[in-house]
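The values are calculated or read from the model by the stated rules, or taken from the named source; none is laboratory data. Source: prediction; values computed, not measured. Every residue, glycine as well, gets a Cβ built from its backbone with ideal geometry; the counts of neighbours run over all protein chains shown. To get the accessible areas, we keep the full protein, side chains included, count just its heavy atoms, and leave off ligands, DNA and RNA. Shrake-Rupley method; radii C 1.70, N 1.55, O 1.52, S 1.80 Å.
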Amino acid sequence: MIEARHLRVLRAVARTGSFSAAARELGCTQPAVSQQMKALEQSAGTPLLVRAGREMRLTQAGEALVRHAVGILAGLTAAEEEIAAIAGLRAGRVRLVSFPSGSSTLVPTALAKMRAAHPGTRVSLVEAEPPRSIEMLRNGDCEIALAFRYPEVRGADPAAGAEWDDLVVRPILADRLVGLVPDGHRLAKAGTAQFAELADEAWIAGCPRCRRHLVEVCESAGFTPRIDFATDDYPAVIGLVGAGLGVAALPELTLESVRPKGATAIRMEPAVHREIVALTLPDLAQVPAVEATLDRLADAAGR
């Protein structure tokens, strides 16, 4: 009989490429991982892993089992939570993954409300940017992913529209991009600026997805931005702008938890928004603890 715990270990080995790395990820010992893989292969009646140098690779049977494991484990989680609710249990568990600026703004409000309304529900949080967070959701590593995407610019990413087609999408917020310039900049007191007015500036860009979108927006305005600095850390972006090293375009949400010392936010035209959503799998959408957390995240946007 194939057991769920064995499937979780197999996914960890497939993801990390070794028994030792999988053990670190799962918080157990390497011999325990090895024993569970042997038990799983005995149940399957065929090898699932082969050693290739220092790495463990999936056989064809292993690939098939990992592919099915995602849905199996998500379904089991949904069943466990739903049965607990039917039985009248007040306890629940929700694993939430969020991008950093969401973690510091939307998530605290949502989790505070969640704890007040459902003190028996445990919500954990880890950070990851999309598309990694969406991959974690599909792999069964979380129940909810707080994520974002930008609108297509001149059809630059035709697949972007289908990115979430297999998921349940709860709209949270339309987060407008604002310009950030040093306090002494010629546009600091203007209040509003066109992207084209910053064509000759040095730019400081954010995460890879944000960076790609910045290039697309600037190119649609008639120029290619000269990106001198790139960092996933928004406080670092703000600090670099405040030091006079360039300009940036940041979502408004990023400025809520970081005081832009030495920098001034200005309204950018034309208006560009990123779409912030909470995502979950169809099997999980009706689980009471997941549904309640989705509701609190939506409420947090109006905080």
Filter result for the condition that a residue is of a type outside the set (Lys, Arg) and over 24 Å from PRO131 (Cα atoms), over ALA202, ALA248, ALA236, ALA230 = ALA202
So the helices (runs of 4 or more DSSP H) completely within segment 1-67 holding 2 or more residues that are β-branched (Val, Ile, Thr) and out of contact with any Asp or Glu (no Cβ under 6 Å at 6 or more places or on another chain) are 4-16
Return the total of residues in segment 267-284 being touching a helix residue (DSSP H, G or I) at 6+ places or on another chain (Cβ under 7 Å) and farther than 30 Å from ALA221 by Cβ.
-> 6
Within segment 103-128, which residues are touching an Asp or Glu at 6+ places or on another chain (Cβ under 7 Å) and either in a loop (DSSP other than H, G, I, E, B) or open to solvent by 60 Å² or more (accessible area, probe 1.4 Å) (or both)?
-> THR105, LYS113
Looking at ALA196, ALA285, which is the one that is in a helix (DSSP H, G or I), aliphatic (A, V, I, L, M) and surrounded by fewer than 20 Cβ atoms within 10 Å (Cβ to Cβ)?
-> ALA196
Check whether at least one residue in segment 168-177 is open to solvent by 10 Å² or more (accessible area, probe 1.4 Å), within 23 Å of GLU82 (Cβ to Cβ) and touching a Pro at 6+ places or on another chain (Cβ under 8 Å), and report yes or no.
-> yes
Do any residues in segment 1-27 that are open to solvent by less than 10 Å² (accessible area, probe 1.4 Å) have Cβ atoms under 7 Å from those of residues that are in a loop (DSSP other than H, G, I, E, B), where the two are at least six apart or on different chains, and which pairs are they?
-> LEU10/LEU48; ALA23/THR29
Just one of ILE227, ILE266 is of a type in the set (Val, Ile, Thr), part of a strand (DSSP E or B) and either under 24 Å from ARG170 (Cα atoms) or open to solvent by 10 Å² or more (accessible area, probe 1.4 Å) (or both); which is it?
-> ILE227
Does at least one position in segment 133-143 carry a residue that is free of Cβ contacts under 8 Å to residues at least 12 places away in the same chain, within 27 Å of LEU7 (Cβ to Cβ) and either out of contact with any helix residue (DSSP H, G or I) (no Cβ under 9 Å at 6 or more places or on another chain) or assigned to a strand (DSSP E or B) (or both)?
-> yes
In this structure, is VAL70 in contact (Cβ under 8 Å) with a residue 60 or more places away in the chain and under 18 Å from MET136 (Cβ atoms)?
-> yes
Of residues in segment 199-213 being under 14 Å from PRO251 (Cα atoms) and at pLDDT 95 or above, the one surrounded by the fewest Cβ atoms within 10 Å (Cβ to Cβ) | ALA205
